[in-house]
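One structure is given below, encoded as structure tokens.
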Amino acid sequence: MSVIQTHPTAANVRLREAPQLALSTKRGFKSIVAGGLTGGINICIVFPTEFIKTQLQLDSGRNIMTAHHSVMVPYSSTMSWSHSVLQSKNLKLYNGSVDVVKKTIKEKGLKGMYRGVSVLLCGTVPTYSIRFGVFDFLKGHFCGRDGNLSPLARLGCGMGSGVAEAVLLVTWVETLKVRLISDQKKKVPQYRGLGHAASSIVRNEGPFGLYKGFTPTVLKQGSSQAIRFSVMESLRSWYTGGDNNKSVPKPFVAMFGAIAGGASVLGNTPVDVVKTRMQNGSYSSSVECARQVARNEGVRGFYKGCLPRMNRVCLEVGLAFCIYDTVMDVFKTVWPSN
């Protein structure tokens, strides 16, 4: 009897596990589609804040030599003489986020705030598809029987999705975006558009010119998604008590997403600054870039653009998780799982 009872038990185990893998695979494909829709909607809302952040990070200032004159007139004489001293002064182009908006709109109009959005939009849709698709794929393989991830698994799945998007898309998309925005600051722009910028970089710097800043980009995206998904999944689990059948209200989803986004900004803004400077083509390596920033601008230089980036990321991540959950809820009706 023990042998007869053992075989049905094993069969039952196999039957229970198979549907779980099928459901995970199908949800992974849905996540790819939902992620793409989320990215397209999101970037149209938050791009101006990304533009402001990039402009501030690229504004390392210009050193201007000025002559300082002093005139000394003795009390007992009518004669005077002057003394000139050359002084070096670093002048910033912008005084803050508001100043970026004012000067850009004054010089380029409202369209200037969306310079480079085409390349970012083309890159964001597949990036979000990879981000949510890879995370759900990894989650389906590493979650426990209750469908929840351990704290370490949350970090690992988030980091895996970030590294995947950095390698496949983000690095070259960010390079083109930074170059186009930086080119706008010139009196005579060098690039006529996205295609011309890409072809010019490949022609002058080779294919690897599009992958400048690869290492800091991988570090940034990997750490960002590790922090965001880890915080988001932890807050979801806390709210639902680990019950996957319990839904989180959309306002709380947006709030949790904003918290996750803010945590990622505090964790990796220094890496983001180095990445942006590298992609502008001003440094030969990430280590040299970090040394120059530390030497010339100190610790504060690594947090340039932190405030506008914080505003953008909190808004973007909060919206992203909210939009994503909404799309997945719609898919439950129009694209039900068996």
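The values are calculated or read from the model by the stated rules, or taken from the named source; none is laboratory data. Quick caveat, the model's predicted, so the values are computed rather than measured. Cβ placement follows ideal geometry from the backbone for every residue including glycine, while neighbour counts extend to all protein chains displayed. Please note that ligands, DNA and RNA were not included when accessible areas were found on the heavy atoms of the full protein model with its side chains. Shrake-Rupley method; radii C 1.70, N 1.55, O 1.52, S 1.80 Å.
Name the one entry in Val327, Val273, Val265 that is in contact with a Ser or Thr (Cβ under 7 Å, 6 or more places away or on another chain), at pLDDT 85 or above and among the β-branched types (Val, Ile, Thr). I'd like the intermediate steps shown before the answer.
Values: Val273 fails: in contact with a Ser or Thr (Cβ under 7 Å, 6 or more places away or on another chain); Val265 fails: in contact with a Ser or Thr (Cβ under 7 Å, 6 or more places away or on another chain).
From the options Val327, Val273, Val265, the qualifying one is Val327.
Do you know which of the residues in the stretch 272-293 that are part of a helix (DSSP H, G or I) and open to solvent by 50 Å² or more (accessible area, probe 1.4 Å) is nearest to Pro216 (Cα to Cα)? Walk me through how you get there before you give the answer.
Restricting attention to the stretch 272-293, the residues satisfying the condition of being part of a helix (DSSP H, G or I) are 272-279, 286-293.
Filter once more, keeping what is open to solvent by 50 Å² or more (accessible area, probe 1.4 Å): 287-288, 291-292.
Values: Val287: 10, Glu288: 12, Arg291: 14, Gln292: 15 Å.
By that ranking, first place goes to Val287.
In the stretch 253-261, is there at least one residue being over 20 Å from Glu174 (Cα atoms), of a type in the set (Phe, Trp, Tyr) and over 14 Å from the mean Cα position of the chain (by Cα)?
Initially, the stretch 253-261 is screened for residues over 20 Å from Glu174 (Cα atoms), giving 253-260.
The next check asks that each one be of a type in the set (Phe, Trp, Tyr); those that pass are 256.
Narrowing the set further to residues that are over 14 Å from the mean Cα position of the chain (by Cα) leaves 256.
Checked against the condition, which is being over 20 Å from Glu174 (Cα atoms), of a type in the set (Phe, Trp, Tyr) and over 14 Å from the mean Cα position of the chain (by Cα), the stretch 253-261 yields at least one hit.
Cβ-Cβ below 7 Å, separation at least six or inter-chain, first residue in the stretch 107-123 and at positive phi, second part of a helix (DSSP H, G or I) and among the aliphatic types (A, V, I, L, M): which pairs?
Matching pairs, first to second residue: Gly116/Leu180; Gly116/Ile181.
Of the conditions (1) buried (at least 20 other Cβ atoms within 10 Å of the Cβ); (2) in contact (Cβ under 8 Å) with a residue 40 or more places away in the chain; (3) touching a Lys or Arg at 6+ places or on another chain (Cβ under 9 Å), Ser224 clears all except one; give me its number.
(3)
Regarding the stretch 311-319, can at least one residue be identified that is out of contact with any Lys or Arg (no Cβ under 7 Å at 6 or more places or on another chain), surrounded by fewer than 17 Cβ atoms within 10 Å (Cβ to Cβ), part of a helix (DSSP H, G or I) and of a type in the set (Asp, Glu)?
Checked the stretch 311-319: no residue is out of contact with any Lys or Arg (no Cβ under 7 Å at 6 or more places or on another chain), surrounded by fewer than 17 Cβ atoms within 10 Å (Cβ to Cβ), part of a helix (DSSP H, G or I) and of a type in the set (Asp, Glu).
Of these, Gly213, Gly144, Gly140, which one is surrounded by fewer than 17 Cβ atoms within 10 Å (Cβ to Cβ) and not acidic (Asp, Glu)?
Numbers: Gly213 fails: surrounded by fewer than 17 Cβ atoms within 10 Å (Cβ to Cβ); Gly140 fails: surrounded by fewer than 17 Cβ atoms within 10 Å (Cβ to Cβ).
Selected residue: Gly144, the only one of Gly213, Gly144, Gly140 that is surrounded by fewer than 17 Cβ atoms within 10 Å (Cβ to Cβ) and not acidic (Asp, Glu).
So, in the stretch 175-189, how many residues would count as being open to solvent by 20 Å² or more (accessible area, probe 1.4 Å) and closer than 14 Å to Gln221 by Cβ?
Number satisfying all stated conditions: 0.
Identify, please: which residue in the stretch 190-206 is among the hydroxyl-bearing types (Ser, Thr, Tyr) and part of a helix (DSSP H, G or I) and is, among those, most open to solvent (accessible area, probe 1.4 Å)?
Ser199
Mind checking which helices (runs of 4 or more DSSP H) fall wholly inside the stretch 74-189 and carry at least 2 residues that are of a type outside the set (A, V, I, L, M) and modelled with pLDDT under 90? Write out each step before concluding.
Values: elements: 97-108, 117-142, 151-165, 171-183.
By residue number, 97-108, 117-142, 171-183.
Does Gly267 satisfy the condition of being closer than 18 Å to Ser230 by Cα and open to solvent by less than 10 Å² (accessible area, probe 1.4 Å)? If you could, list the steps in order and put the result at the bottom.
On the way: closer than 18 Å to Ser230 by Cα: yes; open to solvent by less than 10 Å² (accessible area, probe 1.4 Å): no.
Considered against the rule, which asks whether it is closer than 18 Å to Ser230 by Cα and open to solvent by less than 10 Å² (accessible area, probe 1.4 Å), Gly267 comes out as no.
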